[in-house]
Amino acid sequence: QVQLVESGGGLVQAGGSLRLSCAASGIIFRFSDMDWYRQAPGKQRELVAGISSSGRTNYADSVKGRFTISRTNAKNTVYLQMSSLKPEDTAIYYCYTERRREGYWGQGTQVTVSS
């Protein structure tokens, strides 16, 4: 059974930082690509950042230079370090992975950035 559990969200002022974590189980983590998505109220869910099993990363243009995705295979955990946060970063952030071509989502963690 695949489980993804996000943590680390909260309320922060514009310009501040947060680090999100996603702990995975039920997958061979070191072989799994991992992604962070977000969904703001009234908007579609969008890809924020991804990291492959080999450590290759990709970012949405809106977060390049401000967010950093990383992983610790020994802890089956992927992170999203968010800096210089803006009110438009306010959203529920979700962890995502696939196993045997089936997608799995975490429950999400709320990030609210006040102006």
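Side notes on the structure shown:
- Take the convex hull of the alpha carbons in the chain; its mean projected area over all directions comes to 6.7 nm².
- Size descriptor, Kirkwood hydrodynamic radius, that averages inverse alpha-carbon separations across the range 1-54, Å: 13.2 Å
- Proximal lysines to LYS43, defined as alpha-carbon separation beneath 22 angstrom and excluding residues fewer than eight positions away on the same chain: LYS64, LYS86
- Solvent-accessible area per residue in the chain equals 56 Å², computed with a 1.4 angstrom probe and all protein chains kept.
- Share of carbon and sulfur in the accessible heavy-atom surface of the range 15-93 [1.4 Å probe, %]: 47 percent
The values are calculated or read from the model by the stated rules, or taken from the named source; none is laboratory data. Since the model is a prediction, treat every value here as computed from it, not as a measurement. Heavy atoms of the whole protein, side chains included, go into the accessibility calculation; ligands, DNA and RNA do not. Shrake-Rupley method; radii C 1.70, N 1.55, O 1.52, S 1.80 Å.
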